[in-house]
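Novice: Pasting a structure here, questions to come.
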Protein chains: 6
Amino acid sequence: MATVRLLSDAQAEAIPTVKAVFDDIRATRGSDFINNFWRGLANDPATLERTWQSLKAVMTGETVLSPVVQEMIYIAVSTANGCSYCIHSHTAAAKAKGMSEAEHAELLAIIGLAAQTNHLVSAMQVPVDPAFLVQS
Amino acid sequence: MATVRLLSDAQAEAIPTVKAVFDDIRATRGSDFINNFWRGLANDPATLERTWQSLKAVMTGETVLSPVVQEMIYIAVSTANGCSYCIHSHTAAAKAKGMSEAEHAELLAIIGLAAQTNHLVSAMQVPVDPAFLVQS
Amino acid sequence: MATVRLLSDAQAEAIPTVKAVFDDIRATRGSDFINNFWRGLANDPATLERTWQSLKAVMTGETVLSPVVQEMIYIAVSTANGCSYCIHSHTAAAKAKGMSEAEHAELLAIIGLAAQTNHLVSAMQVPVDPAFLVQS
Amino acid sequence: MATVRLLSDAQAEAIPTVKAVFDDIRATRGSDFINNFWRGLANDPATLERTWQSLKAVMTGETVLSPVVQEMIYIAVSTANGCSYCIHSHTAAAKAKGMSEAEHAELLAIIGLAAQTNHLVSAMQVPVDPAFLVQS
Amino acid sequence: MATVRLLSDAQAEAIPTVKAVFDDIRATRGSDFINNFWRGLANDPATLERTWQSLKAVMTGETVLSPVVQEMIYIAVSTANGCSYCIHSHTAAAKAKGMSEAEHAELLAIIGLAAQTNHLVSAMQVPVDPAFLVQS
Amino acid sequence: MATVRLLSDAQAEAIPTVKAVFDDIRATRGSDFINNFWRGLANDPATLERTWQSLKAVMTGETVLSPVVQEMIYIAVSTANGCSYCIHSHTAAAKAKGMSEAEHAELLAIIGLAAQTNHLVSAMQVPVDPAFLVQS
């Protein structure tokens with residue numbers, strides 16, 4: 001179903017950069033599971049490595065926001081961008097990191113509300129209030 | 001610049017439903033300021049009232065998520081939907097509710113990262129891993 | 001395949017708010033069928049009730065636009081937002097309410113044309129003609 | 001502000017294909033006004049001609065939908081695609097063709113509602129009900 | 001799964017305009033294969049013909065850009081618009097026309113990067129540098 | 001107009017990571033000009049550095065695609081995502097790197113065409129032809 005091959009573990013092992021990234025994903029997450037996104041990206045080791053390093057830098061280690069809040073923001077963007085895979089994977093991640101049913105419900109309510117007011121604002125072409133402008 | 005009139009306070013006063021909503025916005029927010037979004041929506045009192053009641057129900061009172069987290073999610077959706085007004089107004093709201101510069105920076109980093117992986121996933125048409133599917 | 005459970009009739013019966021909304025959907029539509037959207041929303045009775053009340057207020061009762069035109073607008077937005085479920089459900093609804101094949105064909109032609117000119121305008125960054133601006 | 005030149009009447013006169021299209025736009029609309037979209041497209045006479053012929057075929061002559069309904073669908077798509085110029089120009093066109101304030105208000109309410117349910121459906125990844133599928 | 005019927009060859013044969021377009025698609029592409037997009041569009045012969053003529057004019061014959069580059073641009077737009085069918089069909093077309101694995105990989109890297117900076121720019125609401133504005 | 005400050009050269013000089021990135025941008029591009037995007041990102045030196053390193057890796061050095069083709073793909077994504085700033089900046093970059101008026105015109109024609117067929121496909125919910133699926 002994909003437009004690229006999804007590399008198996010054996011195929012990944014044979015490419016040093018891919019092997020190193022897969023090893024780091026497993027070590028960082030404390031799990032042997034490598035999801036399909038990384039197996040697709042592995043067709044291009046440079047992009048795989050760059051993308052994983054970015055994700056690792058932003059989403060792990062010493063972050064300002066909690067892991068659950070990070071994942072909720074990720075779900076919000078993925079929903080507005082209509083990325084089915086991303087919604088599935090980050091909802092699973094958010095739950096694994098402790099998102100409660102009540103938090104999930106409130107997240108969905110905010111996403112729906114924001115989409116509604118985004119579209120109302122656009123249809124009315126509301127000009128930005130001067131009070132909202134930042135001073136340089 | 002808008003496709004509808006933006007009602008002045010005098011015009012709003014003359015329409016009972018609009019007056020009631022504007023009064024409630026002011027009371028709820030503890031501020032006399034009514035931003036242009038509501039002044040545009042006021043052309044249709046029923047939609048104004050319904051939209052305000054939804055926003056009030058979701059974003060105020062006893063919420064599960066903190067007001068800052070709520071606003072960050074709102075910014076994430078508004079950014080992905082490309083709503084300039086909404087990004088301005090909810091960034092201002094998030095700052096007013098205490099979003100730090102570090103939180104803002106991390107929010108932006110996550111939004112950028114999510115957009116990148118959303119598009120990579122879409123371009124590769126990655127199939128959802130069975131592990132991410134929910135049991136009914 | 002969903003990120004939330006889809007409530008069965010038995011599960012819905014056990015939650016008073018959900019039961020009341022499902023009963024009202026059935027009475028309003030004159031049909032026993034409750035589609036999956038509502039069964040997913042039912043995980044959060046407050047959002048279920050608010051969403052149904054909004055939809056009922058906008059799409060039923062005394063409306064200015066005909067039910068078929070309302071559904072065609074709904075299809076247009078859902079298509080531009082890339083919501084597969086929504087396109088399926090509202091196309092089915094439009095047909096059930098009497099949308100002819102000729103109307104469906106013209107709707108699709110307008111959606112395609114609008115998307116084309118939307119993107120051409122954006123790529124050229126065409127400035128708004130003063131004649132199109134509204135006087136406040 | 002555009003990424004292309006906007007051709008003046010004098011510049012348009014000098015290019016036979018552009019002159020012919022501009023003449024036809026004026027004749028079809030019964031107005032001397034040529035809005036900026038066409039002046040930008042005129043940099044590429046072939047795309048100008050093809051786009052105008054498509055728009056003329058879909059939006060004028062013997063249509064199944066009324067001109068106001070056509071424009072409302074155009075506004076719906078343009079809003080979801082976030083095209084500011086298009087929202088301005090087609091809202092002006094809809095008003096010129098007779099869209100009432102009540103119709104405009106209902107259009108906006110439907111656009112907002114559709115965006116909300118589109119995003120809720122996406123965030124929940126609701127599977128399509130079999131009842132909505134078309135038989136070939 | 002579609003919202004319209006997909007016309008079989010027999011059904012297409014029976015409609016002169018559809019038959020003519022299908023014949024031209026086959027002749028232009030040097031292949032007997034007619035993909036589902038055209039079979040769906042065939043429900044509306046006028047839109048089928050107009051769409052095919054536009055695609056033929058833009059994508060075939062004497063083009064300025066190479067067929068592979070054209071298809072890569074098509075994939076880029078389709079990805080950002082989240083059109084799964086289009087991503088599949090134009091990736092297949094690009095490969096058939098000679099897109100290498102290295103070109104595909106670089107295309108994906110650019111799409112991901114562009115999406116990231118698009119969203120960062122939007123979230124920051126960066127004003128356009130005067131140096132980027134075109135002189136009329 | 002931005003939601004963040006745009007750092008001046010003096011402010012950038014005072015932050016070592018920002019200074020290093022700005023120096024590298026200037027050296028890589030052979031120009032003293034730093035556009036607003038980087039001045040906004042500079043509020044978060046880590047994201048500035050990561051974003052610049054990604055852009056430098058993908059868009060400069062030994063690339064498979066020509067610089068003009070790379071910028072055209074960037075414009076295509078930015079247009080579909082509705083990012084005004086990005087369309088302006090990458091159109092300027094494409095021209096500076098040698099994009100001809102004929103190439104720009106063909107790019108726009110493809111973007112418009114792709115958007116049209118993307119939306120037609122979505123509205124019809126066309127199923128992917130088996131011929132387009134990749135073998136793993």
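Every number in this text was worked out from the coordinates using simple rules, so none of it is lab data. Because the structure is predicted, anything quoted here is derived from the model rather than measured. Positions of Cβ are backbone-derived with ideal geometry, glycine not excepted, and every protein chain shown enters the neighbour counts.
Rundown of residues vs (1) over 19 Å from the mean Cα position of the chain (by Cα); (2) more than 19 Å from B:Q116 (Cα to Cα), yes/no style:
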| residue | (1), (2) |
| --- | --- |
| A:I15 | yes, yes |
| A:K19 | yes, yes |
| A:F22 | no, yes |
| A:R39 | no, no |
| A:A42 | no, no |
| A:T51 | no, no |
| A:S54 | no, no |
| A:A57 | no, no |
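Novice: Scan the stretch C:1-56 for residues that are in contact with a Phe, Trp or Tyr (Cβ under 9 Å, 6 or more places away or on another chain) and among the aromatic types (F, W, Y) and jot them down.
Specialist: Result: C:F22, C:F37, C:W38, C:W52.
Novice: Are any residues in the stretch A:58-70 facing another protein chain (nearest Cβ under 7 Å) and assigned to a helix (DSSP H, G or I), and if so, which ones?
Specialist: As a first pass, look at the stretch A:58-70 and keep what is facing another protein chain (nearest Cβ under 7 Å): A:58, A:63-65, A:69-70.
Within the stretch A:58-70, A:V58, A:V69, A:Q70 qualify.
Novice: For residues that are more than 7 Å from every other protein chain (Cβ to nearest Cβ) and part of a loop (DSSP other than H, G, I, E, B), scanning just the stretch B:1-32, find the one that is surrounded by the fewest Cβ atoms within 10 Å (Cβ to Cβ).
Specialist: Step one: filter the stretch B:1-32 for residues more than 7 Å from every other protein chain (Cβ to nearest Cβ), giving B:7-32.
From what is left, the residues that are part of a loop (DSSP other than H, G, I, E, B) are B:7-8, B:14-15, B:30-32.
Values: B:L7: 23, B:S8: 12, B:A14: 11, B:I15: 16, B:G30: 6, B:S31: 10, B:D32: 9.
Here the answer is B:G30.
Novice: Let me ask something else about it. Of the conditions (1) among the aliphatic types (A, V, I, L, M); (2) assigned to a helix (DSSP H, G or I); (3) farther than 23 Å from F:N43 by Cβ, B:V128 fails just one. Which one is it?
Specialist: (2)
Novice: Quick test of your reading of the structure: B:D32 fulfils all but one of (1) more than 18 Å from the chain's Cα centre (by Cα); (2) under 30 Å from C:A131 (Cβ atoms). Name the failing condition by number.
Specialist: Checking B:D32 against (1) more than 18 Å from the chain's Cα centre (by Cα); (2) under 30 Å from C:A131 (Cβ atoms), the one that fails is (2).
Novice: Give me a count of the residues in the stretch E:65-81 that are surrounded by fewer than 19 Cβ atoms within 10 Å (Cβ to Cβ) and either closer than 16 Å to D:R50 by Cβ or in contact (Cβ under 8 Å) with a residue 12 or more places away in the chain (or both).
Specialist: Step one: filter the stretch E:65-81 for residues surrounded by fewer than 19 Cβ atoms within 10 Å (Cβ to Cβ), giving E:66-67.
Now restrict to residues that are either closer than 16 Å to D:R50 by Cβ or in contact (Cβ under 8 Å) with a residue 12 or more places away in the chain (or both): E:67.
Number of matching residues: 1.
Novice: Would you pick out the residues in the stretch D:41-57 that are surrounded by fewer than 18 Cβ atoms within 10 Å (Cβ to Cβ), within 9 Å of another protein chain (Cβ to nearest Cβ) and not polar (S, T, N, Q)?
Specialist: The answer is D:A46, D:A57.
Novice: Quick check on the stretch F:71-102: of everything there that is more than 7 Å from chain E (Cβ to nearest Cβ) and part of a loop (DSSP other than H, G, I, E, B), which residue is farthest from E:A109 (Cα to Cα)?
Specialist: The residue in question is F:S100.
Novice: Give just the number: which of (1) without any contact (Cβ under 8 Å) to a residue 24 or more places away in the chain; (2) within 9 Å of another protein chain (Cβ to nearest Cβ); (3) in a helix (DSSP H, G or I); (4) surrounded by fewer than 24 Cβ atoms within 10 Å (Cβ to Cβ) does D:W38 not satisfy?
Specialist: Only one criterion in (1) without any contact (Cβ under 8 Å) to a residue 24 or more places away in the chain; (2) within 9 Å of another protein chain (Cβ to nearest Cβ); (3) in a helix (DSSP H, G or I); (4) surrounded by fewer than 24 Cβ atoms within 10 Å (Cβ to Cβ) is unmet by D:W38, namely (2).
Novice: Which of the residues that make up the stretch D:95-113 are in contact (Cβ under 8 Å) with a residue 12 or more places away in the chain and either in contact with a Lys or Arg (Cβ under 8 Å, 6 or more places away or on another chain) or surrounded by 24 or more Cβ atoms within 10 Å (Cβ to Cβ) (or both)?
Specialist: Quick first cut of the stretch D:95-113, residues in contact (Cβ under 8 Å) with a residue 12 or more places away in the chain only: D:97-99, D:103-104, D:107, D:110-111.
If the condition is that a residue be in contact (Cβ under 8 Å) with a residue 12 or more places away in the chain and either in contact with a Lys or Arg (Cβ under 8 Å, 6 or more places away or on another chain) or surrounded by 24 or more Cβ atoms within 10 Å (Cβ to Cβ) (or both), then D:H104, D:L107, D:I110, D:I111 are the ones that fit.
Novice: Considering each residue of the stretch C:103-136, count those that are of a type in the set (A, V, I, L, M, F, W, C), more than 24 Å from the chain's Cα centre (by Cα) and at the interface with chain E (Cβ under 9 Å from one of its Cβ atoms), and give that number. It would help to see each step written out before you state the result.
Specialist: At the first step, the residues of the stretch C:103-136 found to be of a type in the set (A, V, I, L, M, F, W, C) are C:105, C:107-111, C:113-115, C:120-121, C:123-124, C:126, C:128, C:131-134.
Narrowing the set further to residues that are more than 24 Å from the chain's Cα centre (by Cα) leaves C:120-121, C:123-124, C:126, C:128, C:131-134.
Now drop any that are not at the interface with chain E (Cβ under 9 Å from one of its Cβ atoms), which leaves none.
Residues flagged as of a type in the set (A, V, I, L, M, F, W, C), more than 24 Å from the chain's Cα centre (by Cα) and at the interface with chain E (Cβ under 9 Å from one of its Cβ atoms) within the stretch C:103-136 amount to 0.
Novice: Turning to a different aspect of this structure: Only one of (1) in contact (Cβ under 8 Å) with a residue 12 or more places away in the chain; (2) surrounded by 23 or more Cβ atoms within 10 Å (Cβ to Cβ) is not met by F:T60, so which one is it?
Specialist: (2)
Novice: Quick check on my filter: what residues within the stretch A:41-57 are in a helix (DSSP H, G or I) and hydrophobic (A, V, I, L, M, F, W, C)? Talk me through it step by step, then tell me what you get.
Specialist: First, pick out the residues of the stretch A:41-57 that are in a helix (DSSP H, G or I): A:41, A:45-57.
Across the stretch A:41-57, the qualifying residues are A:L41, A:A46, A:L48, A:W52, A:L55, A:A57.
Novice: Which condition number in (1) under 28 Å from F:G112 (Cα atoms); (2) assigned to a helix (DSSP H, G or I) is the one that D:A123 fails?
Specialist: Just one mismatch for D:A123, condition (1).
Novice: Based on this model, can you work out whether D:S54 counts as closer than 25 Å to A:A123 by Cβ and touching a Lys or Arg at 6+ places or on another chain (Cβ under 8 Å)? Walk me through it before giving the result.
Specialist: Working: closer than 25 Å to A:A123 by Cβ: yes; touching a Lys or Arg at 6+ places or on another chain (Cβ under 8 Å): yes.
Judged against the criteria, D:S54 is a match.
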